[in-house]
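Here is the structure we will look at, set down as structure tokens.
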């Protein structure tokens with residue numbers, strides 16, 4: 001984010017945003033004392049351990065350890081990028097995001113409004129060309145030949161990129177800057193010899209929308225013979241194939257209604273299915289189904305059905321989808337696989353059989369556990385002892401990917417049944433050495449919050465949770481000379497609060513988002529200090545005082561060592577005398593210990 005959105009704006013945004021409102025709109029919260037609680041949205045649990053602090057503007061799950069600010073929650077729950085999360089909060093707060101000038105911004109400004117606007121204008125251009133260009137008759141005839149009506153073409157915003165090297169450039173590339181933006185958006189290609197040319201030529205254009213419904217990329221289907229048949233926009237700062245799904249924004253209400261989502265392989269499949277009333281389908285964008293895809297789909301529905309061709313390529317794609325689904329497959333989530341007759345795809349099959357027959361096929365989709373064990377069982381001879389051992393070895397790396405829970409245990413039980421093995425011996429084989437003991441989350445809750453093991457971490461925790469204590473830091477307090485773990489972080493935290501007064505816990509941690517210290521700060525944000533609230537100020541003064549004493553002792557020891565090794569200059573002699581005098585005075589005033 002540095003160099004694009006000013007740090008000061010992020011501080012203000014986090015301070016002005018109410019994390020309770022942000023989370024409650026997605027996960028209903030209940031008041032619990034001064035904080036709010038809910039069952040954690042990031043892992044299965046029956047007893048709420050997900051806590052949202054109003055004072056700290058921070059959330060923390062004492063079960064799985066998930067934590068973060070309002071920005072972090074949007075990134076983790078809605079799978080937004082950092083920029084998307086900032087834009088979402090800014091829109092809620094009615095704030096305009098400022099942009100920093102300079103070389104870094106110029107280099108990295110692809111996420112700004114200029115790219116969004118140029119892609120939106122390109123979508124308008126392609127739609128107009130489908131209606132108006134002299135060559136558009138070929139495109140219209142192609143769509144009619146595929147059975148696409150004008151209504152459904154309009155609904156999905158289909159367009160046409162005319163043949164020629166510079167149609168889009170002539171329309172939108174008015175100057176060098178706009179041509180450069182077109183290139184960064186993946187709509188134009190820069191030539192080695194200089195100049196640009198249109199990326200999409202003589203193709204039916206399918207606009208790809210992000211989670212907000214903004215067009216961020218395109219897929220183009222060639223009209224005549226040629227390669228590639230389908231051409232996608234390249235990866236840009238707006239578009240990542242591994243995160244976006246064609247048709248998801250369009251289908252979101254239907255998916256909610258059906259409580260399931262159908263994943264197909266092509267743009268035309270999504271459009272054709274929607275035309276026949278199967279309007280809860282999405283498509284991957286020329287890439288295998290990823291973990292991000294599945295996470296996003298499961299945010300919309302608990303049941304994901306993959307629809308693949310029945311040929312070898314389709315079954316290989318299904319297996320890759322299975323492997324990526326295992327880490328996110330837990331109770332309440334289902335994945336199934338539907339394999340179509342060879343030579344058919346959803347587009348052709350729904351036209352041949354109709355909507356009801358196609359929906360009936362979905363009921364015959366094979367559940368993931370069945371597909372996994374059927375596939376593995378075909379690779380071994382279950383009539384042989386070593387064949388059954390081989391089955392266990394094949395299943396082990398797959399089942400070990402699954403999160404702990406009832407579904408994983410049931411699949412282990414099925415593996416035990418197929419391998420004719422004692423179920424009690426399978427957990428170790430499947431990488432479940434922890435199964436015999438209590439879950440980590442239960443152990444953490446039983447033990448309660450642990451006391452930071454050092455005086456430095458006590459100081460950090462106090463400042464982090466109560467930033468107003470920073471006014472107790474005197475200018476003469478110098479912690480930089482201390483040789484203790486955590487001092488660099490404490491010094492950095494003190495400097496931050498001195499330069500930016502008024503930060504809350506969440507905004508402090510956001511300042512350390514890209515730092516190695518972020519994880520440690522997040523843990524300390526919910527550590528419960530044993531002192532009473534009214535004693536915190538005195539406690540903090542005492543902690544800083546003890547750190548000052550330790551600093552003086554370390555500095556004295558270093559000067560004495562240097563004196564023995566080779567002598568001190570006059571300034572060092574004066575400093576040593578001062579430190580020894582302070583030590584003597586402290587010993588005289590301190591109560592004797594016998």
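Take residue 531 and decide whether it is modelled with pLDDT of 85 or more and either at positive phi or outside the structural domain of residue 19 (by TED's automatic domain parsing) (or both). In short, no.
Elements of the type helices (runs of 4 or more DSSP H) sitting completely within the range 401-488 and holding at least 2 residues that are modelled with pLDDT of 85 or more and either over 30 Å from residue 390 (Cβ atoms) or over 30 Å from the mean Cα position of the chain (by Cα) (or both): these cover 406-419, 455-465. Each residue in the range 510-523 was checked for being out of contact with any strand residue (DSSP E or B) (no Cβ under 7 Å at 6 or more places or on another chain) and either part of a helix (DSSP H, G or I) or closer than 14 Å to residue 66 by Cβ (or both), and 7 of them qualify. Residue count for the range 95-119 satisfying the condition of being loosely packed, with under 15 Cβ neighbours inside 10 Å and either touching a strand residue (DSSP E or B) at 6+ places or on another chain (Cβ under 7 Å) or at pLDDT 80 or above (or both): 3. Of the candidates 269, 224, the single residue that is in the same structural domain as residue 303 (by TED's automatic domain parsing) and within 22 Å of residue 347 (Cβ to Cβ) is 269. Going by the structure shown, is residue 207 surrounded by 14 or more Cβ atoms within 10 Å (Cβ to Cβ), touching a strand residue (DSSP E or B) at 6+ places or on another chain (Cβ under 8 Å) and assigned by TED's automatic domain parsing to the domain that holds residue 128? Yes. Against the numbered list (1) part of a loop (DSSP other than H, G, I, E, B); (2) touching a residue at least 24 places away in the same chain (Cβ under 8 Å), residue 252 comes up short only at (1).
The values are calculated or read from the model by the stated rules, or taken from the named source; none is laboratory data. Here the structure is a predicted model, which is why all the values come from computation and not from measurement. For neighbour counting, all protein chains shown are included, and Cβ atoms are generated from backbone atoms with ideal geometry for every residue, glycine included.
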